[in-house]
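Remarks on the structure that follows.
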Amino acid sequence: MSDNDGKKTLGLRGGARPGNVKQSFSHGRTKNVVVETKRKRVVVPKPGGAKSGSGGAGGGVGGAGKRPAGITDAEMERRLKAVQAAKAREAEEAANRKAEEEARAEERERRRAEMEAKEREQREAEEKAKAKAEEEERKRRAAEDKAKAAAAKAAAPAAEADQPRGGAKQAPAKKPDREQDRQNRGKGGRDGGRRSGKLTVNQALTGGEGGRQRSMAAMKRKQERARQKAMGGPVEREKVVREVKLPEAIVVSELANRMAERVADVVKSLMQMGMMVTQNQTIDADTAELIIEEFGHKVTRVSDSDVEDVIKEVEDKEEDLQPRPPVITIMGHVDHGKTSLLDAIRDAKVVAGEAGGITQHIGAYQVETDSGAVLSFLDTPGHAAFTSMRSRGAQVTDIVVLVVAADDAVMPQTIEAIAHAKAAEVPMIVAINKCDKPAANPDKVRTDLLQHEVIVEKLSGDVQDIEVSAITGKGLDELLEAIALQAEILELKANPDRAAHGAVIEAQLDVGRGPVATVLVQNGTLKQGDIFVVGEQWGKVRALISDTGERVEEAGPSVPVEVLGLNGTPEAGDVLNVVSTEAQAREIAEYREQAAKDKRAAAGAATTLDQLLAKAKEDENVAELPILVKADVQGSAEAIVQAMEKIGNEEVRVRVLHYGVGAITETDVGLAEASNAPILGFNVRANASARNSANQKGVEIRYYSVIYDLVDDVKAAASGLLSAEVRENFIGYAEIKEVFKVSNVGKVAGCLVTEGVARRSAGVRLLRDDVVIHEGTLKTLKRFKDEVSEVQSGQECGMAFENYDDIRPGDVIEIFERTEVERKLD
Ligand code: GDP
């Protein structure tokens, strides 16, 4: 019914008025429904009190009393009649409604009575049954008691033993239960039951349906308001900023828990970041940190979790602290003489033991200067050890000796070393080496260093500079004294009278002795018999061996010792802590192992959306080249990983399973073996045990010192995984003119080659209205009656598809050939 119609037929318009009503639901959902309203009452002209009823109908119905302009008498009469008819109808309907309502009320009453009667009946039946059951139970118990009493009389000692289990003892305990039960049931059945019955009847029948819905909606709104208040609270409620302890990897739900946020919100937030995870998945700390910040909480990174609390560091009291030797790392560019210098110092000054001063390499050694100061040198030059320890939270080094060859200049690794020392806020001493050489130009080194903000004392700076020669031994004593002086300034102290903690400098699996770790004690004293946890391993000190190869009972602060008695090989940089019980040690080690696994899983898991998509694809056709990268410094490792990520395309990808700083260890080999990956070492080497294990397991280890070489090699390897590219050339088009049915062959298309050639061996596509509806090969290609291999453009031919029959005149056949092209990653 259009608007125009409505204007002409007032009656109708007043009678039934369809309209659109917008229904609103909770959560902002709406729905448009067409409602046909019957509002006849409003058309009744009430002199003086003509209300136009609903707003929408107003314009039309108002006309019943007044005579709108431009309406003829006949029209008017017709309208009046219509109005009267409507009135009559309304009266009739009102009567009907009343009758209906009465009938409904009756029905209601009747049903209520019915239900009440039913309920009563049921209740009575129940009560009867219960009473009966109780009566029976009473009788039974009485009988039992009697029997018991008799039995007790008969055999007194036996009865005594029996009694606790007997019914007599149980009965009193049981009775109240039963009593309670009966009472409850009675109440529920009588009162609550009836009330609830009434309610349902009422709700069902008192026309309360609308009312009920309203109250439901109201309740929902109320709940919603309450929820909004609780959730959108930030405006009204001050947000509690929590300090969230964040381990290396954390399960999403635990993260939510620690922030006291809803898991769903956290998951949502992660999704917004492109991470598709469920609440049970583990995410890495970096991601978690972003989330924590997003929720406005504070992050406290903890490397390990609650089980580690037992090894919480206690602040030492000032009076307990005693001076300790400094720990020195020698750094510098390759070939500037780090190793030679370390050897020269050791040979000249090592604290010779009673065994005759036979030194053995345990990764660190102590020397005594002429003035009596003891210095601990880390025997692993370069930044590998330095950074790997720092990255593991074990800052061992107190002083860095920067070696620069006087016949060379400040080189890239010299600069790196400076950066590392500065980053770690470790003081530096410059050893200008190779001063015995004729080409030596120590002053050039000094001025070169200025550019890197290292101002040596000779240039009025505060960095000590000593001219030395590892070959002739020149300046070595001065160097040592300079170090001792620097150490004095640092006022290094430790408390020898406490449980030890230290850092692993080197570790390997010794054939005869099992796992061995060289530990530099940093605080406390490590003693034989101590129980400790170190990284993911734990153990009990079976023996301690000093740098001079002697067995010692204990090792105090800044003393390097070989520790025997580990249950596994830790990694350089792992921290050793003495704990009180084996259980604690084992628990912490297990926890750490799990955490490390989780971390690897989190790193390797397809967590971002992109990765998920890539992974989905990969199932079909993406080849992956897994690799492990170990590098000397974090910067190189990251640069390599970045370069690796750039290699590849949508078909081939390089996946860095793990990357890290420091020597290639057995753990790395294990991981590589599990994933069939090669290990790429950048300026690092595998330790002996890793080498052995790699040989056994057939894991390839490659060493590089130039990033580009590494990248090129990986590219070449990845290219090997590329499937040859398939290129497609269109060689012709044919149009189907007619379709024949040929026995034994099926449908054959009579075609005209419109472009290029049709080739029997080529691939074909059937296009209908430019849509590919089939792709396949040809069964036959005929020229006249003969099977041919090729048909040129402009010629007619017969074609039939292999395994395909739906061909029609007008279809176009596209003929193409595929060639395979070897590809390379660029
Ligand atoms: P690193 O790579 O820094 O450990 O350097 P090395 O200790 O291996 O030394 C590299 C080369 O420089 C070796 O051939 C040493 O013999 C030589 N070299 C080291 N120190 C001196 C020195 O003081 N004088 C001279 N003439 N040669 C040295």
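The values are calculated or read from the model by the stated rules, or taken from the named source; none is laboratory data. As the structure is a prediction and not an experimental result, all values here were calculated from the model. Positions of Cβ are generated from backbone atoms using ideal geometry, with glycine treated the same way; all protein chains shown enter the neighbour counts. Surface accessibility is based on the protein's heavy atoms, side chains included, excluding ligands, DNA and RNA. Shrake-Rupley method; radii C 1.70, N 1.55, O 1.52, S 1.80 Å.
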In the range 374-529, what percent of the accessible surface is made up of carbon and sulfur (1.4 Å probe, ligands and nucleic acids excluded)? 51 percent
Counted charge near ALA417, where neighbours are those whose Cβ lies closer than 12 Å (Asp, Glu -1; Lys, Arg +1): 0
Suppose R0 equals 41 Å. What FRET efficiency, 1/(1 + (r/R0)^6) with r the Cβ-Cβ distance, do MET273 and ARG691 give to the nearest 0.05? 0.50
Report the extension gain between ASN441 and LYS239 in nm, rounded to one decimal, defined as 0.36 nm multiplied by the number of residues separating them, less their alpha carbon distance. 66.3 nm
Can you pull the accessible area of LYS715 for me, 1.4 Å probe, Å² to the nearest 10? 60 Å²
Under a 1.4 angstrom probe, counting protein chains only, how are LEU290, LEU710 ranked by accessible area, largest first? LEU290, LEU710
Note the full-extension length gain between ILE415 and ASN744 as 0.36 nm times their separation in residues minus their Cα-Cα distance, in nm to one decimal. 110.2 nm
Need one value: the accessible area of VAL516 in square angstrom, 1.4 angstrom probe, rounded to the nearest 10. 0 Å²
Roughly to the nearest percent, how much of the accessible area of the range 638-759 is carbon and sulfur, given a 1.4 Å probe? 46 percent
log10 I(q)/I(0) for the range 502-595, Debye formula on C-alpha points only (no solvent), q = 0.14, 0.15 Å⁻¹, two decimals, reads -0.41, -0.47
Quote the accessible area belonging to ARG513 in square angstrom, nearest 10, computed with a 1.4 Å probe and with ligands, DNA and RNA left uncounted. 80 Å²
Note the full-extension length gain between ASP462 and THR819 as 0.36 nm times their separation in residues minus their Cα-Cα distance, in nm to one decimal. 121.5 nm
Please list LEU342, LEU321 in order of solvent-accessible area, largest first, computed with a 1.4 Å probe with all protein chains present. LEU321, LEU342
Can you give me the Kirkwood hydrodynamic radius for the range 468-532, using every pair of distinct Cα atoms, in Å to one decimal? 15.0 Å
Quick one: if you stick a label point 7 Å off each Cα along the C-beta vector at ALA117 and ARG513, how many nm between them? 9.9 nm
Flagged links, alpha-carbon separation over 24 Å, of LYS493/LYS527; LYS737/LYS779; LYS245/LYS493; LYS298/LYS422; LYS338/LYS715; LYS437/LYS630: LYS245/LYS493; LYS298/LYS422; LYS338/LYS715; LYS437/LYS630
Using only the alpha-carbon atoms, what does the range 416-559 span along each of its principal axes? Please give whole angstrom values in decreasing order. 53, 31, 26
Using the heavy atoms of the protein chains and a 1.4 angstrom probe, tell me the accessible area per residue for the range 483-582 in square angstrom. 36 Å²
